[in-house]
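One structure is given below, encoded as structure tokens.
The values are calculated or read from the model by the stated rules, or taken from the named source; none is laboratory data. Predicted, not measured: the structure shown is a model, and the values here were computed from it. Heads up, the Cβs are rebuilt from the backbone with ideal geometry, glycines too, and the neighbour counts pull from every protein chain shown.
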Amino acid sequence: MITWMQRHKKYLIITIWISTIAFIGAGFVGWGQYSYGDKAGAIAKVGSIEITQGELQKTYSNLYSRYNQVFQGNFDEEKAKQFGLQKQAFEQLKQQALILNLAASYDIQVTDDEILAELKTEKYFFKDGVFNKELYKNALSTNNLSSKEYEDEIKKNLIIEKTLHLLPLQTLASETAIFDALSNIADKISYKVLTKNDITLDTSDKALKTFWETMSGTFMTQTSYDIEYITQKPVANTFSESEIATYYKENKNHFKDAQAKILPLEKAKQKVVAELIASATKKAALKNYIVYKKEKLSHANPSLVTISADNNKFNPEILSKVSKLGLSSSYLKPILFNGHYITIKLLKVNAPTVKTYAQAKAEVLALYLKQKTKSALEEKAKMNFKSFQGTTTGFLTQKDADKLTPLSKEEANEFLSKLFVSATKNSYIALNNGKIVLYNILEQRMLSENSTKTSEVMAKLKSNLFNTALIKELQDKYTTEVFVKGL
């Protein structure tokens, strides 16, 4: 399930029916980070349909609850950001809005009786086997929903359902037969796997230098920066009890235990002093930075160093900041590194130059091996595929990857997927990882195995293709305007 979610998180699978009941069953979660103010305000408009902040919050909450169930309660806001949950929620609402625009163009309506009938099918609102109006109102109230909001959601979903029923997808018997036929083609083959161990390459300096000379411009040194910097070590201030108490009072929320409860002063004192030292150190560093910029810091003893991506004594963040400096704006404000504040001055930018052969040899060898191995294997395959002596298999279908040793299952699946679309009886197939498989189809037959799931698989395939095409068509027809950044 997690793999499925990751594969489809970018929205290609259209989820039309948002289960409004899931809001009642799971409750709303994760709202705080995505609150935009007025609950009813529009965050986007698709065609003539507005998407509101409240809808985004509900959809986000529903998705969060479902992911949390899959992760067995271990889903949090950090994972939600990694999965792009807010964008998923918005995309789901956008796709709904596209269908609603289509529904409006056909003047599709839902009556109050239909809403009531749908409402009375939901088990959450039943007591002793009968729909209970009081239970219904209480459930909505508990989840901060009005009956109008909830029933509008039901109405919207029924309109979407009606619209999609106008576009029925049926699996034809001929399509199922073709799918079965394709699945049941079986080949008996002879095959041989070629790897880098089947070739010998000349890796002498002479061969490598010749290769390097033809593409020396590929091997360049990195941009490097000559800098000087001064260091501000933590100050050794002594703070009075009054200063400690005042700082604690103003910053209580900084000092919490594992249960997120604010620590009393006596237990937080060490942390309070640490923050006071950090604050005093930063102030001292900023003061020195100002004097350093004026070149009047008499006690400064700056260190000199050259840094680049591969030779960086600091960290990528500092290198990135240095790379944005210029000789007219050459000072970097104090930045924390390894517990000290450092202030940097850019002295010189060293532009990339072509590496000598000696400097580039390791890179040259890696690229040489990659390119020459590929071309040498392909040449060997061309010379041998008509006459090779290989391993003979039984009849294979696309499901028989585990029968093709010494290929891994992934390699075998790739080979079979390419074999069964090849029109050539005797040839070779290059795999993504560089290996080449020589093959000769000795015999072919049609198996008589018919899967009871063929119609279901065919229906899902057609549905996914249709949904993707439908959404693309509607996106071209109805303009989407987004009023909130980040969606």
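Which is at pLDDT 80 or above and either surrounded by 14 or more Cβ atoms within 10 Å (Cβ to Cβ) or touching a Leu at 6+ places or on another chain (Cβ under 9 Å) (or both), of 487, 470? Outline the logic, then answer.
Values: 487 fails: at pLDDT 80 or above.
Only one candidate qualifies: 470.
Results for (1) of a type in the set (A, V, I, L, M, F, W, C); (2) assigned to a loop (DSSP other than H, G, I, E, B); (3) more than 20 Å from the chain's Cα centre (by Cα), shown as yes or no for each residue.
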position	(1), (2), (3)
57	no, no, yes
65	no, no, no
86	no, no, no
107	no, yes, yes
124	no, no, yes
137	no, no, yes
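Out of the residues in the stretch 345-369 meeting the condition of being assigned to a loop (DSSP other than H, G, I, E, B) and surrounded by fewer than 17 Cβ atoms within 10 Å (Cβ to Cβ), tell me which one is farthest from the chain's Cα centre (by Cα).
Residues of the stretch 345-369 assigned to a loop (DSSP other than H, G, I, E, B): 351-353, 355-356.
Going one step further and asking which of them are surrounded by fewer than 17 Cβ atoms within 10 Å (Cβ to Cβ), we end up with 351-353, 356.
Working: 351: 34, 352: 33, 353: 36, 356: 39 Å.
Taking the candidates together, the pick is 356.
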Looking only at the stretch 415-429, count how many residues are modelled with pLDDT under 90 and of a type in the set (Val, Ile, Thr).
-> 1
Residues of the stretch 144-157 classified as modelled with pLDDT under 85 and either touching a helix residue (DSSP H, G or I) at 6+ places or on another chain (Cβ under 6 Å) or not assigned by TED's automatic domain parsing to the domain that holds residue 108 (or both), total = 0
Say we look at the stretch 370-426 and pick out the residues that are under 30 Å from residue 207 (Cα atoms) and acidic (Asp, Glu); which of these is surrounded by the fewest Cβ atoms within 10 Å (Cβ to Cβ)?
-> 379
Output the residue which, of all residues in the stretch 427-442 that are surrounded by 15 or more Cβ atoms within 10 Å (Cβ to Cβ) and small (Gly, Ala, Ser), is nearest to the chain's Cα centre (by Cα).
-> 430
Can you tell me which residue in the stretch 183-216 is modelled with the highest pLDDT, limited to those that are part of a helix (DSSP H, G or I), surrounded by 15 or more Cβ atoms within 10 Å (Cβ to Cβ) and among the polar types (S, T, N, Q)?
-> 216
Out of (1) of a type in the set (A, V, I, L, M, F, W, C); (2) under 30 Å from residue 215 (Cα atoms); (3) touching a Pro at 6+ places or on another chain (Cβ under 8 Å), the one residue 383 does not meet is (3)
For residue 72, indicate whether it is free of Cβ contacts under 8 Å to residues at least 12 places away in the same chain and either touching a Lys or Arg at 6+ places or on another chain (Cβ under 6 Å) or assigned by TED's automatic domain parsing to the domain that holds residue 158 (or both).
-> yes
